[in-house]
1. Just one of the numbered conditions (1) assigned to a helix (DSSP H, G or I); (2) open to solvent by 40 Å² or more (accessible area, probe 1.4 Å) is not true of S96; which one?
2. Starting from residues that are within 16 Å of the chain's Cα centre (by Cα) and among the polar types (S, T, N, Q), keep the ones in the stretch 1-26 and report whichever is nearest to P86 (Cα to Cα).
3. Identify, by number, the condition in (1) touching a Ser or Thr at 6+ places or on another chain (Cβ under 9 Å); (2) open to solvent by less than 20 Å² (accessible area, probe 1.4 Å) that P29 doesn't meet.
4. Residues being of a type in the set (A, V, I, L, M) and either touching a Leu at 6+ places or on another chain (Cβ under 6 Å) or open to solvent by 50 Å² or more (accessible area, probe 1.4 Å) (or both): count how many of those fall in the stretch 52-67.
5. Of all residues in the stretch 127-145 being assigned to a helix (DSSP H, G or I) and either open to solvent by 60 Å² or more (accessible area, probe 1.4 Å) or of a type in the set (D, E) (or both), which is modelled with the highest pLDDT?
6. Among the aromatic types (F, W, Y), free of Cβ contacts under 8 Å to residues at least 60 places away in the same chain, part of a helix (DSSP H, G or I) and open to solvent by 60 Å² or more (accessible area, probe 1.4 Å), is that true of F122?
7. Quick check on V49: is it outside any loop (DSSP other than H, G, I, E, B), of a type in the set (V, I, T), exposed (fewer than 13 other Cβ atoms within 10 Å of the Cβ) and out of contact with any strand residue (DSSP E or B) (no Cβ under 6 Å at 6 or more places or on another chain)?
8. Could you say which residue among F84, F44 is at pLDDT below 90 and among the aromatic types (F, W, Y)?
Amino acid sequence: ALAALALTVVIWAAFLVVTRAAMTGDFGPIEVGLIRFGTGALLFLPLIVRQGALPKGVSPLHLCVLPLFGGIGFLVPLSLGLSFAPVADGGVFTPSMMPLYAALLAFAVLGERFARSQILGFSLIVAGAVAVGGGTVLAGEPRAWRGHLLFTVASISWAIYTVGFRRSGLAPAHGAALLCFWSAVAFGLLGLFFGVSFEG
């Protein structure tokens with residue numbers, strides 16, 4: 001469990017750093033989305049072919065929630081936020097705040113209840129976000145609040161995806177495959193409409 005946790009942290013950190021580099025370079029959210037989800041869609045293609053991109057028994061609403069909130073609704077504000085605020089702030093306001101927003105949604109939608117220790121943990125998350133956000137402002141980065149707001153949108157979007165995925169009844173691997181496949185399709189359509197360029 002500890003090894004899996006450490007690997008997850010490394011993956012998140014690398015993703016934020018690479019996305020920040022892409023957004024401050026020549027790429028935009030569409031290019032980042034195509035790289036992220038297009039690669040995943042190719043890797044998951046055998047599973048999609050075997051189990052289907054429109055699985056029976058899964059609500060169309062849940063299938064829409066996956067790419068809308070786990071794909072576009074998450075990656076676009078996160079990518080744009082990293083063009084305004086430092087990577088460290090993105091790490092605090094996005095993955096760190098996700099458990100809080102997911103818990104609030106689970107309480108409202110699923111009726112889940114939480115122990116005092118969990119509530120204490122959520123309080124510490126909020127305190128950490130306020131401390132980091134205030135520290136960035138005091139450091140003289142006037143545009144950082146825009147990034148913080150976009151990070152918050154991305155985090156809430158991922159929380160909606162999390163609750164939607166839980167209610168969908170999909171297996172983890174199939175859910176990840178559907179997320180990547182339909183998000184890649186969505187970003188591909190955006191690329192056709194707005195244009196895309198991978199030239200550095």
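The values are calculated or read from the model by the stated rules, or taken from the named source; none is laboratory data. Model, not experiment: these values are computed from the prediction. Heads up, the Cβs are rebuilt from the backbone with ideal geometry, glycines too, and the neighbour counts pull from every protein chain shown. Each accessible area value is taken on the protein alone, full model and side chains, heavy atoms only, with ligands, DNA and RNA left out. Shrake-Rupley method; radii C 1.70, N 1.55, O 1.52, S 1.80 Å.
1. All conditions pass for S96, except number (1).
2. That would be T19.
3. (2)
4. 3
5. Taking the stretch 127-145 as the starting set, the residues that turn out to be assigned to a helix (DSSP H, G or I) are 127-138, 144-145.
If we keep only those that are either open to solvent by 60 Å² or more (accessible area, probe 1.4 Å) or of a type in the set (D, E) (or both) as well, we get 130-131, 137-138, 145.
Working: V130: 76, A131: 76, V137: 57, L138: 54, W145: 80.
Result: W145.
6. no
7. yes
8. Going through F84, F44 in turn, just one is at pLDDT below 90 and among the aromatic types (F, W, Y): F84.
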